[in-house]
Amino acid sequence: MSETILVIGSSGQIGTELVEELRKIYGNQNVIASDIKEPNNSQEGPFETLNILDKDQLLSIINKHNVKEVYLLAALLSATAEKNPEFAWELNMNSLFHVLNLAKDGIINKIFWPSSIAVFGPTTPKQNTPQSTIMEPSTVYGISKQAGERWCEYYHKKYNVDVRSIRYPGLIGYKSLPGGGTTDYAVDIFHQAIKTRQYKCFLNESSTLPMMYMPDAIKATIQIMQAPSEQIKIRSSYNLAGISFNPKEISDEIKKHFSDFEIFYEEDFRQQIADSWPQSIDDSHAQIDWNWHSNYNLETMTNDMIKNLEQLLKQNKI
Ligand code: AKB
């Protein structure tokens, strides 16, 4: 039986696009999608319903499909985690332990686990945030990601587990909706611009955050996983930079397409989360170690988002 790849959290924002790309590279049958909920769109290939907190269920899926590589994407993001701190800790940490222990026991060979800019906190330098710096996250999500990074590095050093990780910025894509993050506004703004020409933003106009267009994020994810092991020198998680912008800058870019577009601001609890995060990221280690560079800027991302969302609207898919 050939070796396969398992994507846990395949129905989410990253999972939806990652499964599609991995299947193009490795073949539909060799990439197993799994999630606690069924996929929205019909994905071509095997799907397993999985509650990642059930480690017996995880092991039986791994054995059934001869899984050797796991992408663990299931997590509660920053905004949702604040509403349910205990469950967020349980889900974000135990899912990671389940997968790390499978690698420690030699059942799987390689793990991808996403970290986030949320590992940084209010005391972190905000501009060009270095790879190694003060990290005092003030959100439950950030605390879980920082702890996760420490565990990844520990399992690598102590048990030689091949785990690889990226600190994702806010991710923007048209193929699926994000759920429960602070950076979600940057996806929603496009949907509302196309449908109603108006958007009420829950962050203030000057909240600059590190963001990335999804094709860049998927490229980085596959690139770090395909790199020879000796090139992955950082086993906690790599800083990764794409585009930094604030709500005013993205709305100005959208106005170039829809001159009647209007944005209003009404801050909620997510403002405080955004204020605790960096504004831009230094990703020179990723550039040097595994040759990372991003392709999209604010203008090219906006053009592509609008073109694709308009298509989807015509087909009644959004
Ligand atoms: C969130 O906003 O919680 C996520 C993240 C930055 O990790 N998009």
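The values are calculated or read from the model by the stated rules, or taken from the named source; none is laboratory data. What you see is a predicted model, and the numbers here were worked out from it, not measured in a lab. Every residue, glycine as well, gets a Cβ built from its backbone with ideal geometry; the counts of neighbours run over all protein chains shown. For accessibility, only protein heavy atoms count, side chains too; no ligands or nucleic acids. Shrake-Rupley method; radii C 1.70, N 1.55, O 1.52, S 1.80 Å.
The table below lists the values:
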item: Interchain or long-range residues, amide H under 5 Å from residue 138's placed H; result: none
item: Virtual spin-label span in nm between residue 206 and residue 60, 7 Å along Cα→Cβ; result: 5.7
item: Charge dipole of the chain about the Cα centre (unit charges at C-beta), most positive-ward option of 137, 106, 88; result: 106
item: Cα-centre dipole for the range 1-126 with unit charges at Cβ (Lys and Arg positive, Asp and Glu negative), debye to 20; result: 280
item: At most 14 other Cβ within 10 Å, DSSP loop - chymotrypsin sites (Phe, Trp or Tyr not before Pro), the range 185-279; result: 258, 269
item: Rounded if a/c under 1.5, otherwise prolate or oblate - the range 235-318, Cα gyration tensor axes; result: oblate
item: Extension gain from residue 288 to residue 264, taking 0.36 nm per residue of separation minus the Cα-Cα distance; result: 4.6 nm
item: Two-site FRET efficiency, residue 300 against residue 109, from Cβ-Cβ distance with R₀ of 30 Å, rounded to 0.05; result: 0.25
item: Accessible area of the chain belonging to carbon and sulfur atoms, whole % at 1.4 Å probe; result: 47
item: Compactness of the chain as Cα Rg over 2.2 N^0.38 Å, two decimals; result: 0.96
item: Test item: Cα-centred dipole of the range 46-101, Lys/Arg +1 and Asp/Glu -1 on Cβ, debye; result: 160
item: Heavy-atom accessible area per residue - the chain, 1.4 Å, Å²; result: 43
item: Label-point separation in nm, residue 37 to residue 229, each point 7 Å along Cα→Cβ; result: 3.8
item: For the chain, built as a Gaussian network whose Cα springs stay under 10 Å, the top-fluctuating residue of 210, 137, 122; result: 122
